[in-house]
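These notes concern the structure reproduced below.
Just so you know, all these numbers are worked out from the coordinates, no wet-lab data involved. Owing to the predicted nature of the structure, the values given are computational and were not obtained by experimental measurement. Ideal geometry is used to build each Cβ from the backbone, glycine not excepted, and the neighbour counts take in all protein chains shown.
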Amino acid sequence: MSLQEIYWMSAPKRRTAPAIVNHLVAFEAAARLGSFRAAAEELHVTPGAVAQQVRTLEDKLGRALFERLPRGLRPNPDGADYLARVRLALDIVEDATRELLERDTQHDPQQILLSTTPAFASRWLIPRLEQLAQAHPQLALMIDASDGTRPLSGKNAVDLAVRWGSPPFDASYALPLLPGVVVPVCTASLRAGAPWQQPAELAGQPLISDSHNNWQRWFDHHGLPGTRVSGPVFSQTILAIEAAERGMGIALVPRPLVEHALQAGTLVLALEGHALPGKAGFHLLAAQAPAPGSPVEQVVLWLRQQAMD
């Protein structure tokens, strides 16, 4: 709910909140916008009404809050200090009002919100969603694909999350979903032009990196510490995979994300038998264990079954 709506809800004729809220909203708008006229346009009232609200507030406080300038307003030192507290208070009012109203618009219990990375959503989850629809037609899985971490409880919480990492997690419920084996992949044409046999042979090739920067660990694991890595660098794993599919070089990525591409032949293993094992992997997270038979548990069981297939 906006401050303008709070202004109208708190008008004296509605008797739904103390009149002081009107004064504070008018004061904040005038201070932020620098004039009574601009504040009035935002609040959909007259400039005189805003000016009266501010004057009444100043009278109640026993001090001026603005410097009246030839063209507009500017908070004086007292007004600037007061403004910071008022903004904080109004933010709390907005949040409380919105959360209260949202109680009447809770999402369908059959609708599950899952947060995950763009790479996992695009390369592993989406190709399997048709099977979820067939197995559980009553469920609606909403996917929030982002590298940002959504909370599992509280404001803006999601029902489930699939994230790359290693335990412990900041979640009461965490299950391993897919192993974190990382493999070097490239196009078949690139591989055919240089049939590599040993890890050292990749050192001079264009090596595609993502934010996990696994290449140095891969060379270290295979007894080649200090090997120079050169090639394109991307902020997201999904971009590194797409670059490999376009023949730009060799990407080092989690095998679950390229399994379909390996089966389809759009990517091949650049070097057989030289994966990079690790403690990290894809894990399924939730604020608490799902209730038996609940829609969330049905999604959890389906995801784990897909991971085992």
- C-alpha center-to-center spacing [the stretch 60-79, the stretch 230-250] in angstrom: 57
- Message: Only Cα pairs within less than 10 Å get springs; with that Gaussian network setup on the chain, which residue of Ala188, Ala26, Ala270 has the largest fluctuation?
- Response: Ala26
- Query: Helix 255-264: angle to the longest alpha-carbon principal axis of the chain, degrees 0 to 90, nearest 10?
  - Reply: 60
- Task: Go ahead and set up a Gaussian network model of the chain, Cα springs under 10 Å, then flag whichever of Val93, Val182, Val258 fluctuates most.
- Result: Val93
- Message: Please report the spacing between the Cα centers of the stretch 254-288 and the stretch 140-176 in Å, no decimals.
- Response: 20
- Query: Do any trypsin sites (Lys or Arg not before Pro) in the stretch 155-257 lie in a loop, going by DSSP, with at most 15 other beta-carbon atoms within 10 Å of their beta carbon, and if so which?
  - Reply: Lys155, Arg228, Arg246
